[in-house]
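Participant: Below is a structure I'd like to ask you about.
Derivation of every value follows stated rules applied to the coordinates shown; laboratory data play no part. Every value quoted in this text rests on a predicted model; they were computed, and no experiment measured them. All Cβ positions, glycine included, derive from the backbone under ideal geometry; neighbour counts span all protein chains shown.
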Amino acid sequence: MIKEIKYFALICSWIFYNYGIAQERIDAKLFINNELRELVIFKPSGNPPAGGYPLVFMLHGSNQSGPQFYNISGWKEVAEREKFIVVFPTALIYCTTEGVQTKWSHGNTFSILCPGDTLRDDIPFFYKMIDTISAIIPINANKIFASGFSSGGTMVPKLTIEMPGVFAAVGCGSGNLDERDIKPMNPKVPTWAIRGTHDHNFIDRLGRPCPFNDTAVAVNSNNLSNHLTSMGLSWNYSKDSNAYIIHYTFTDPLPGESKGYFRWSIFYGLEHEYFNGTNYLNQLPNPPIEAELFWEFFKSVSRISSTESKNEDSSLLIYPNPASDEINIRLSNTLDSPIQTLKVFNIMGQQIYNQQLPLTSPITLKKSMIGSGIFLLQITTVHQKINRRIIFE
């Protein structure tokens, strides 16, 4: 606890001393589950935007680190221009048959561990980072995103499944959802996965690169199936392309499922790289930068999600949100069954409030019952479970 307070105070002192003055790199440490975790935070110059800063996590690959991707990913440059916060956490170190490496984990990894080493769950670390940063910097809870490379790209879809209601959109670079981690994604998070034709992870045993045509869908069917199964989407897709990229977009739901959004893209000639303007298509006047592409994707799907959320308000009204004292929850007559339970979870995933039947509308939640911060509100009926973010300032 002493260590945790110490490093929390360190973050506070850095941010409040420089708040609103200039862009800052903040090297911080958090003590969680008896381990010291490291992260780098980028804060752009100027004052926070209305509604709070968007927040992006950038997850490095195996045997890499947060500070390394702070320097090479291109995210801090985009964040300074667009005014959002970027967090570059570092994974834990494991002994594997490939050597001693940093790896992301939620109980699974593609690598084989050395005897005596055990995987730890990274999910509490992400909840703790969000909780800590949100307590110090105004964060827009509706605009939390994640991008990852390789091992980080594999971890990102796990975050959307294991941290429901937290992320607005995610982007995976050279990584895909592990088949051992397939679970229903609820709510469904717009996801963009990027692959390179010359990525060593996708070159076949004969040394042939991934086809730059529709055959790639069949060749990569196992990886695609993991994502589509988790999101409840069919194999129907729309397609657009240019000389260097083919995009396949999947939105059609399976029977009984709601619509989702999954984009899978093949980049011609791309190797196992998170491209930053210097390591892919350098012959072009303006080489692509992965951080810029993902940020534009995050912004576009956020606008779509905002529209969908407004449509959902016809069945569930939450106001005011954020709130300083109390939040009203009004249930319309369009709900398909009576409300059974109302639960509130904190950012660590711990249940802190539980109200049973009878529930009358409107329902009022008071800050004195729950405290301040970002929470997940969960309402359960006979046929559905509705999750919404709520904020007490």
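Participant: Between ASN354 and HIS272, what is 0.36 nm times their sequence separation minus the Cα-Cα distance? Round to one decimal in nm.
Facilitator: 24.9 nm
Participant: Go through 49-61, 231-243, 277-289 and give me the packing order, highest mean Cβ count within 10 Å leading.
Facilitator: Ranked by mean Cβ neighbours within 10 Å, highest first: 49-61, 231-243, 277-289.
Participant: Take peptides 156-168, 33-45 and line them up by average Cβ neighbours within 10 Å, highest first, as a rough protection proxy.
Facilitator: 156-168, 33-45
Participant: Between SER221 and ILE245, what length in nm is gained on full extension when 0.36 nm per residue of separation is reduced by their alpha carbon distance?
Facilitator: Once the chain is fully extended between SER221 and ILE245, it gains 6.8 nm.
Participant: Mind listing the phi-derived Karplus ³J(HN,Hα) values for region 253-267, rounded to whole Hz, using 6.51, -1.76 and 1.60 with θ = phi - 60°, and x for any glycine or proline?
Facilitator: My calculation for region 253-267 gives x, 6, x, x, 9, 8, 5, x, 9, 9, 10, 10, 10, 10, 10 Hz in order.
Participant: Over the Cα atoms of region 153-260, how large are the radius of gyration and the largest Cα-Cα distance (Dmax), in Å?
Facilitator: Over region 153-260's Cα set, Rg and Dmax evaluate to 14.0, 43 Å.
Participant: Compute the relative contact order of region 139-295 as a whole-number percentage, counting only Cα pairs closer than 8 Å that sit 6 or more residues apart in sequence.
Facilitator: On the way: 309 pairs, mean separation 32.0, N = 157.
Across region 139-295, relative contact order equals 20 percent.
Participant: Sticking with this one: What are the ³J(HN,Hα) values, in whole Hz, obtained from phi via the Karplus relation 6.51 cos²θ - 1.76 cosθ + 1.60 with θ = phi - 60°, for each residue of region 147-161 in sequence order, with x given for Gly and Pro?
Facilitator: After applying 6.51 cos²θ - 1.76 cosθ + 1.60, I find 9, x, 10, 6, 4, x, x, 6, 6, 4, x, 5, 4, 5, 7 Hz.
Participant: At LEU317 and ASN33, where each label point lies 7 Å from the Cα along Cα→Cβ, what is the point-to-point distance in nanometres?
Facilitator: 4.2
Participant: Can I ask one more? What residues have an amide H closer than 5 Å to that of TYR353, excluding those fewer than 5 places away on the same chain, when H is modeled at 1.01 Å from N in the peptide plane?
Facilitator: Answer set, sorted by chain and number: VAL344.
Participant: I'd like to compare 23-32, 173-182: which one has the highest average count of other Cβ atoms within 10 Å, and what's the full order after that?
Facilitator: On the way: 23-32: 16.9, 173-182: 21.0.
Highest mean packing first, the order is 173-182, 23-32.
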